[in-house]
Structures are given as C-alpha cells and as structure tokens.
Amino acid sequence: MADCIFCKIAGHEIPSEVVYEDDAVIAFRDLNPQAPVHVLIVPKRHIDGVNAFVPADKVVVGHILVDVAPKIARQLEISESGYRLVINTGKQGGQTVDHLHVHLLGGRDMTWPPG
Ligand code: 5GP
Ligand code: ZN
C-alpha cells in the first residue's frame, strides 16, 4: 500500500534491523523500544489491523502467533524468562501505524494492567 511505512520496511525500501524474515512475514526492532527486546512482527501483505481481518488472514496471523513469535523469542533468548505479545487496535488501543503488527516485548518485568 502506498505511503505505508511498514509496507516499505517489508519491501526493504526503508531500512530496519531485521531479526526474522520469510515469504509472508518480516520482524524488525522497534525504532523506539519500550523494553530491552522490542520487535515488531508484521505480515508482508498489508492488513490495516485487527478490525480489518478477513477469514483468509487466519493463515498469516496463525503463522505469526504459532510459528514466528515463539521462534524469535527463542532466538533472542527470552523464551524462558517470558515475554509479552501485544496488538494495539484503533485510537484508544494505541495503534499509531495502520499496518497490522504484533509487538514482542521482553527482557524486563512487565507491569499489569498496561497504562
Ligand atoms: P503502535 O503504536 O501502532 O502499536 O506501534 C507502532 C510502533 O512502530 C511504535 O512502537 C513505533 O516506535 C514503531 N515505529 C514507527 N515507525 C517506525 C519505523 O520507521 N521503524 C521502526 N523500526 N519502528 C517504527
Ligand atoms: Zn502496509
């Protein structure tokens, strides 16, 4: 999608620190990290966010949650210590980039409830 920053990162038009990539997904370090490990896991195909899901998105979303997130957690050695997966949705949910992304946060104790 034109002018979408995460589409441009997925297409390597904008540089990022990539930690994982396959045909469907790219994962890269957040520019403004909120934890020692802060990675964004993004489908390469543009999806606006959770409210825009269609049934076919189950494949890539399932891949992100079942395969990619735990793999990156193992790769970055936070699997055992624990981590948090977050999908901010809409204005009050704190979504600022309208291309679906799963935050993977770890390397410190997380607070609950989130602010
Ligand atoms: P949201 O607030 O939509 O859940 O998360 C968007 C995230 O994208 C933020 O944590 C922000 O720091 C990150 N971000 C925004 N622009 C860029 C960028 O150009 N590169 C990278 N690596 N992260 C970005
Ligand atoms: Zn996009």
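The values are calculated or read from the model by the stated rules, or taken from the named source; none is laboratory data. Just so it is clear, the model here is predicted, and its values are computed rather than measured. Counting neighbours? That spans all protein chains shown, and the Cβs are built from the backbone with ideal geometry, glycine included.
Only a single criterion out of (1) out of contact with any Asp or Glu (no Cβ under 8 Å at 6 or more places or on another chain); (2) small (G, A, S); (3) within 20 Å of K8 (Cα to Cα) is not satisfied by G93, namely (3). Look through the range 43-54, keep the residues that are assigned to a loop (DSSP other than H, G, I, E, B) and on the phi < 0 side of the Ramachandran plot, and return whichever of them is farthest from ligand 1 (Cβ to nearest atom). Among them, the one singled out is V54.
Under the condition of being of a type in the set (S, T, N, Q) and either more than 16 Å from ligand 2 (Cβ to nearest atom) or in contact with a Pro (Cβ under 6 Å, 6 or more places away or on another chain) (or both), the residues counted in the range 73-103 number 4. Annotation: of all residues in the range 68-115 being basic (K, R) and within 26 Å of I47 (Cβ to Cβ), the one that is nearest to the chain's Cα centre (by Cα) is R84. A73 versus (1) out of contact with any Lys or Arg (no Cβ under 6 Å at 6 or more places or on another chain); (2) over 13 Å from L104 (Cβ atoms); (3) more than 11 Å from ligand 1 (Cβ to nearest atom): which is the lone unmet condition? Going through the list (1) out of contact with any Lys or Arg (no Cβ under 6 Å at 6 or more places or on another chain); (2) over 13 Å from L104 (Cβ atoms); (3) more than 11 Å from ligand 1 (Cβ to nearest atom), A73 breaks only (2).
Among the residues of the range 1-19, write down those that are more than 11 Å from ligand 1 (Cβ to nearest atom), part of a loop (DSSP other than H, G, I, E, B) and within 24 Å of Q75 (Cα to Cα). Matches in the range 1-19: G11, H12.
Scanning the range 99-114 for residues being surrounded by 15 or more Cβ atoms within 10 Å (Cβ to Cβ) and either within 8 Å of ligand 1 (Cβ to nearest atom) or without any contact (Cβ under 8 Å) to a residue 24 or more places away in the chain (or both) gives a total of 2.
Residues in the range 20-42 that are part of a strand (DSSP E or B) and either at pLDDT below 95 or more than 11 Å from ligand 1 (Cβ to nearest atom) (or both): Y20, E21, V25, V37, I41.
The set of residues from the range 39-79 being free of Cβ contacts under 8 Å to residues at least 40 places away in the same chain, within 15 Å of V19 (Cα to Cα) and out of contact with any helix residue (DSSP H, G or I) (no Cβ under 9 Å at 6 or more places or on another chain) comprises I64, D67, A69, P70, A73, R74, E77.
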